Amino acid sequence: MLVKIFGSAIYGIAAQTIVVEVNIDQGVGYYLVGLPDSAIKESNYRINAALKNSNYKIPGKKITINMAPADLQKEGAAYDLPIAVGILAASQQISPAKIHECMMMGELSLDGSLRPIKGALPIAIQAKEEGFKRLMIPVQNAEEAAVVQGIDVLPVNHITDVIDYFNGETSIEPCTVNLNTSFFEQTKDYPFDFSDVKGQETVKRAMEVAAAGGHNIILIGPPGSGKTMLAKRIASILPPLTIDESLEVTKIHSVAGKLPQQTLITHRPYISPHHTISDVALVGGGSHPQPGEISLAHNGVLFLDELPEFKRSVLEVMRQPLEDREVTISRAKFTVTYPSSFMLVASMNPSPSGYFMDDPNNTSTAFEMQRYMNKISGPLLDRIDLHIEVTPVPFDDLSMERSGEKSAIIRQRVLRARSLQNKRFTDSPVHYNAQIGPKELDRFCVLDETSKQLIKVAMDRLNLSARAYDRIIRVARTIADLAGDNTIASHHVAEAIQYRSLDKNVGK
């Protein structure tokens, strides 16, 4: 008897329907075809033990299982459930009547219980788009998948729950999630607040500008000056995630198997990898491609502490994702694309000894400092909009009793600036100033003669590249938005130029 069961495979952050065809005929043997990986090939042992421990069995006949389309690589133990159900239906141990209405995925334990899977959210989206009425998945993934409206998500704990359901002996109550309630009731409080930071008003102003326009920023300062402390707080002044952004971020973390125990990710991600990270771990990839850290930081913040300590190859592979806001991983048989629209926040010391040239604690020569700075390539620095020097906080600022401005107040100014940008780019694919392209630059960032002359002088003295020129204008546009000005004035441009401190020290 031939039975068709429907499952799903993850490619990138999208899913594709997989048809598991099970045919049982005269003879003896177990044949699994359709480019399965080792985990799927081993499913025979898990399914056999799970069925025996649930008082069912794999028939001693010739079993042929085809996973179509046969030219796509399938991976993971999540195909255990559709294969097991296919065998049971083809051997007439369960009724196949309702199987065609249902997509199912799940990994089986030897006792028949179901383990959680990766990618439940994109699988649910695909099932709905394909017109399936029901999605059967492990109970641990049910709330994640139930975010998708218009399909019944059936949570199951054990293989016997599935068997009884298809035999009509029991019903499974669909899991329901109120998307709006689930999203808006999640706390928006952050563990870090800018009110904890004393002094550093210039740096906090620069970080406000960066947050308002989605600009990349690098902090340069000696140890103990507060670079990491400031970086940890930038997420607290970013605009809250929209529902669409939250779904997109949740989908990426679901595919990577790093989704926390909640329905949706409601805070902007803050990802801080160690400097020993490999280029594959950062941008994604592997024999079976997975999202890297830059994709996990999508719609959030990627913080690279001690930037020169990262391997040169790791930093260079970031150049294309920083520009295109997505990373493409190509293999011989397929290509996957992961979104990576993140805000880069980096920090570094000004020299190998950790101090500026004029600091009495500095023991590095000018040549050593230059060689240290050259660990970061000019093209990468060009893609970082704001270069900010962070100096140690004076004692008087540290000892003052009053706290600094709260993140909630700064966030309100950021939200007002983002609101102006949303109105400006209504009919454009651009969402905020850091995404402005050449066409939008000419249309929305018109400079007067004084501003043009100011930038010309800066380019001549600092030897700026054309990319750095564009970024100064984008930052000036954000500064004008924070001030509520429709036009870019010369003082906005002057402030933007001041945020290119590395250009003053390192020529391209």
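Applying a threshold of 7 Å to beta carbon distances and a minimum spacing of six or more residues, or different chains, the list of pairs starting in the stretch 422-446 at a residue that is touching a residue at least 24 places away in the same chain (Cβ under 8 Å) and ending at one that is open to solvent by 40 Å² or more (accessible area, probe 1.4 Å) and not hydrophobic (A, V, I, L, M, F, W, C) reads Leu441/Asp470; Phe444/Arg424.
Among the residues of the stretch 145-152, at least one is hydrophobic (A, V, I, L, M, F, W, C), touching a residue at least 40 places away in the same chain (Cβ under 8 Å) and farther than 15 Å from Val85 by Cα. For the stretch 44-67: of the residues being of a type in the set (Gly, Ala, Ser) and either more than 21 Å from Leu2 (Cβ to Cβ) or at pLDDT 95 or above (or both), which is surrounded by the fewest Cβ atoms within 10 Å (Cβ to Cβ)? Selected residue: Ala49.
Restricting the stretch 100-125 to residues that are aliphatic (A, V, I, L, M) and surrounded by fewer than 24 Cβ atoms within 10 Å (Cβ to Cβ), the residue that is farthest from Val162 (Cα to Cα) is Ile125. Of Ser236, Ser313, all but one fail to be within 30 Å of Phe444 (Cα to Cα) and part of a helix (DSSP H, G or I); the exception is Ser236. Of all residues in the stretch 355-368, none are under 30 Å from Ile237 (Cα atoms), open to solvent by less than 70 Å² (accessible area, probe 1.4 Å) and either touching a helix residue (DSSP H, G or I) at 6+ places or on another chain (Cβ under 7 Å) or of a type in the set (Gly, Ala, Ser) (or both).
Condition check ((1) over 25 Å from Asn23 (Cβ atoms); (2) among the acidic types (Asp, Glu); (3) in contact with a strand residue (DSSP E or B) (Cβ under 8 Å, 6 or more places away or on another chain)) across all residues:
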| position | (1), (2), (3) |
| --- | --- |
| Gln73 | no, no, no |
| Ser91 | no, no, yes |
| Lys118 | yes, no, yes |
| Glu130 | no, yes, yes |
| Glu143 | yes, yes, yes |
| Ala146 | yes, no, yes |
| Gln149 | yes, no, no |
| Val153 | yes, no, yes |
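Taking the conditions (1) open to solvent by less than 20 Å² (accessible area, probe 1.4 Å); (2) more than 26 Å from Asp382 (Cβ to Cβ) in turn, Ser451 satisfies each one other than (2). The set of residues from the stretch 73-92 being under 17 Å from Asp37 (Cβ atoms) and either touching an Asp or Glu at 6+ places or on another chain (Cβ under 6 Å) or open to solvent by 40 Å² or more (accessible area, probe 1.4 Å) (or both) comprises Gln73, Glu75, Ala77, Ala78, Asp80.
Where in the stretch 349-457 are there helices (runs of 4 or more DSSP H), lying fully within it, with 3 or more residues that are closer than 30 Å to Pro222 by Cα and at pLDDT below 90? Filter on the stretch 349-457 gives 366-373, 378-382, 395-399. Could you please let me know if Ala97 is within 23 Å of Val153 (Cα to Cα), open to solvent by 50 Å² or more (accessible area, probe 1.4 Å) and in a loop (DSSP other than H, G, I, E, B)? So Ala97 passes the test.
Identify all residues within the stretch 311-326 that are open to solvent by 10 Å² or more (accessible area, probe 1.4 Å) and either closer than 26 Å to Ala15 by Cα or of a type outside the set (Lys, Arg) (or both); write none if there are none.
At the first step, the residues of the stretch 311-326 found to be open to solvent by 10 Å² or more (accessible area, probe 1.4 Å) are 311-313, 316-317, 319-320, 322-326.
Of everything in the stretch 311-326, those that are open to solvent by 10 Å² or more (accessible area, probe 1.4 Å) and either closer than 26 Å to Ala15 by Cα or of a type outside the set (Lys, Arg) (or both) turn out to be Ser313, Glu316, Val317, Gln320, Leu322, Glu323, Asp324, Arg325, Glu326.
Filtering the stretch 235-273 to residues that are in contact with a strand residue (DSSP E or B) (Cβ under 6 Å, 6 or more places away or on another chain) and open to solvent by less than 30 Å² (accessible area, probe 1.4 Å) leaves Ala235, Ile252, Val255, Ala256, Ile271.
Just so you know, in the stretch 274-295 the residues that are in contact with a Ser or Thr (Cβ under 9 Å, 6 or more places away or on another chain) and among the aliphatic types (A, V, I, L, M) include one that is most open to solvent (accessible area, probe 1.4 Å), and it is Val283. Among the residues of the stretch 145-155, at least one is at pLDDT 95 or above and open to solvent by 40 Å² or more (accessible area, probe 1.4 Å).
Can you tell me which residue in the stretch 126-143 is most open to solvent (accessible area, probe 1.4 Å), limited to those that are assigned to a loop (DSSP other than H, G, I, E, B) and either within 8 Å of Leu154 (Cα to Cα) or without any contact (Cβ under 8 Å) to a residue 40 or more places away in the chain (or both)? Please lay out each step first, then the result.
So the first thing to find is which residues in the stretch 126-143 are assigned to a loop (DSSP other than H, G, I, E, B), and the list is 130-133.
Going one step further and asking which of them are either within 8 Å of Leu154 (Cα to Cα) or without any contact (Cβ under 8 Å) to a residue 40 or more places away in the chain (or both), we end up with 131, 133.
Numbers: Gly131: 59, Lys133: 120 Å².
The qualifying residue most open to solvent (accessible area, probe 1.4 Å) is Lys133.
Return the total of residues in the stretch 33-43 being open to solvent by 40 Å² or more (accessible area, probe 1.4 Å) and part of a loop (DSSP other than H, G, I, E, B). Steps first, answer last, please.
If we filter the stretch 33-43 for residues that are open to solvent by 40 Å² or more (accessible area, probe 1.4 Å), which is where we start, we get 33, 35, 38, 41-42.
Applying the additional criterion that residues be part of a loop (DSSP other than H, G, I, E, B) yields 35, 42.
Counting residues in the stretch 33-43 that are open to solvent by 40 Å² or more (accessible area, probe 1.4 Å) and part of a loop (DSSP other than H, G, I, E, B) gives 2.
Candidates Gly214, Gly226: the one that is under 28 Å from the mean Cα position of the chain (by Cα), open to solvent by 10 Å² or more (accessible area, probe 1.4 Å) and not charged (D, E, K, R) is Gly226.
The values are calculated or read from the model by the stated rules, or taken from the named source; none is laboratory data. Note that the coordinates shown come from a computational prediction; the quantities given were computed from them, not determined experimentally. Heads up, the Cβs are rebuilt from the backbone with ideal geometry, glycines too, and the neighbour counts pull from every protein chain shown. When the accessible area is computed, the model is the full protein with side chains, heavy atoms only, and any ligands, DNA or RNA have been set aside. Shrake-Rupley method; radii C 1.70, N 1.55, O 1.52, S 1.80 Å.
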